[in-house]
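Student: Please find one structure pasted underneath; my questions will follow.
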Amino acid sequence: MSEVLAIGVSHKTAPVAVRERLALTPGRVSEFLRDVHAVGDVQEAVAISTCNRTEVYVVAGDPVDAESAVLSMLARKAGIRPTELAGSIYSLRNCDAARHLYRVTSGLESMIVGEAEVQGQVKRSYDDALSSHSTGPLTNHLFRSALATGKRVRSETKIGERQMSVSSVAAALASEQLDQVEHGQVLLVGAGETSELAARALAAHGVEAIFVANRGRERAISLAQRFGGQATSFDALPAELERADAVICTTSSPHALLGADEIAAVMERRGGRPLLILDLAVPRDVEPEVRDVPGVSLYNVDDLSAVVRRNRSVRQVEAQHAEGIVEEEIQRFAEWLGQLEVLPTVGALRARGQEIARQIVRENAGRWETASEKDLERVEALAQAVVNRILHEPTLRMKGMADDRIHLRMQVIRDLFGLEEEQDEPAAERPLAEVRALRPGRRAQS
């Protein structure tokens, strides 16, 4: 039977220095999914990569081999040994994997609980997998139900109030910096979704001077026009850094864009004016050594955790309500997943029992000395009736199972009865079930 497996790292298990090495840039997602899909027994695959997490969801017949293969692929991408990465990786199966995805989509696993962006990120990841033809029945149901759960959490709770997110927290910090200068200016490096969210949050804080630098000129112009800013090119970045008071970096570049030497040169030309740099990109846009440049305050996504902790209690009650919704939806998923496994298991168990009954009758065919053809038919019917009677109650109980441990229970049953082993063993390798007559003068003991 196939199993759902989730393998990944997040801000809870790995620092940004590790996460950025595992991040999948938009152009690499399809290639990575093809590589995962090519692994032995992997039938379906979806990958999620954001500034806070990189996760791979697969469906495989052999989850142990699939986990090892995906871990090796991630380690190769990060350029480290799998054993070094093992301490940061989490691996979840079936309902535990589904519960984790539901929590991610609902914002319960985010650095800022309840952030709105993550649901869109999960949807885009699923859309990318659909485009790569790497999904299937299990992942389709899993991701659609996870997105529905996230939508339900946001409609039935106030977990998303104030639209707290990494972008909004970054905008708040930038606004604090601008309050200390007479005419503050913010430079947005990148014009993707995170940059757009930051621009919207800055506008909500009353920030008017926004400069956008982006390789895609049209996207930069569009974003600047919407939020009353100006668009500039990457070539003009050094000059824009000289006049900006705060910089928010959000590109998807695989390499750092701003180095310590470059920023040091900029700071010399700024005449002692401080510069706040907020690096929201993973991989990071700014080299960590920039933090050591005099006059520069550098924050990355992990540094924002202190701000997050100050706001966490605000949403605690709503988060508990959201947890309840997730558990309700997980029970539905468990029932659906269980039915996929219960019926085949029940069928295999009954088929195994019936085959054993027929085999015993065949093995003892020569021992019915005076039995007629009709008698032999009655013996076989009796043997089948015994099997059916024995399996009746287990069948009812198996069909009635509906908790989130059902997969494990079905696996135990398949293991106990050898339902996944080769059923056509050579007759010589099976023990004979011999029917012996009672010796004269003895009675059967009750």
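Student: If a residue must be assigned to a loop (DSSP other than H, G, I, E, B), small (Gly, Ala, Ser) and crowded, with 20+ Cβ neighbours inside 10 Å, how many such residues does segment 117-140 contain? Working first, answer last.
Tutor: Pass one, segment 117-140, residues assigned to a loop (DSSP other than H, G, I, E, B): 132-136.
This time we only want the ones that are small (Gly, Ala, Ser), so: 132, 134, 136.
Pick out the ones that are also crowded, with 20+ Cβ neighbours inside 10 Å and you get 134.
So the answer is 1.
Student: Residues that are within 22 Å of residue 126 (Cβ to Cβ) and more than 17 Å from the chain's Cα centre (by Cα), at least 3 per element: which helices (runs of 4 or more DSSP H) completely within segment 1-103 meet that? Walk me through it before giving the result.
Tutor: Details: elements: 16-22, 26-37, 63-78, 82-85.
The qualifying helices (runs of 4 or more DSSP H) are 26-37.
Student: Out of all the residues in segment 319-333, which are among the aliphatic types (A, V, I, L, M) and under 17 Å from the mean Cα position of the chain (by Cα)?
Tutor: The answer is 326, 330.
Student: Another one. Any residue at all in segment 185-203 that's hydroxyl-bearing (Ser, Thr, Tyr) and either assigned by TED's automatic domain parsing to the domain that holds residue 25 or more than 22 Å from residue 116 (Cα to Cα) (or both)? Talk me through it step by step, then tell me what you get.
Tutor: First, pick out the residues of segment 185-203 that are hydroxyl-bearing (Ser, Thr, Tyr): 194-195.
Add one more test, that the residue is either assigned by TED's automatic domain parsing to the domain that holds residue 25 or more than 22 Å from residue 116 (Cα to Cα) (or both), and what stays is none.
No, there is no match, as no residue in segment 185-203 is hydroxyl-bearing (Ser, Thr, Tyr) and either assigned by TED's automatic domain parsing to the domain that holds residue 25 or more than 22 Å from residue 116 (Cα to Cα) (or both).
Student: Let me ask another. Of everything in segment 206-220, what is surrounded by fewer than 17 Cβ atoms within 10 Å (Cβ to Cβ) and closer than 25 Å to residue 173 by Cα? Give them in sequence order.
Tutor: Listed by number, the residues that qualify are 206, 208.
Student: When the residues of segment 140-199 are narrowed to those that are of a type in the set (D, E, K, R) and over 24 Å from residue 126 (Cβ atoms), which ends up modelled with the highest pLDDT?
Tutor: The extreme case among them is 158.
The values are calculated or read from the model by the stated rules, or taken from the named source; none is laboratory data. Only a predicted model underlies this, so the values are computations on that prediction, with no experimental measurement involved. With ideal geometry, Cβ positions are generated from the backbone for all residues, glycine too; neighbour counts draw on all protein chains shown.
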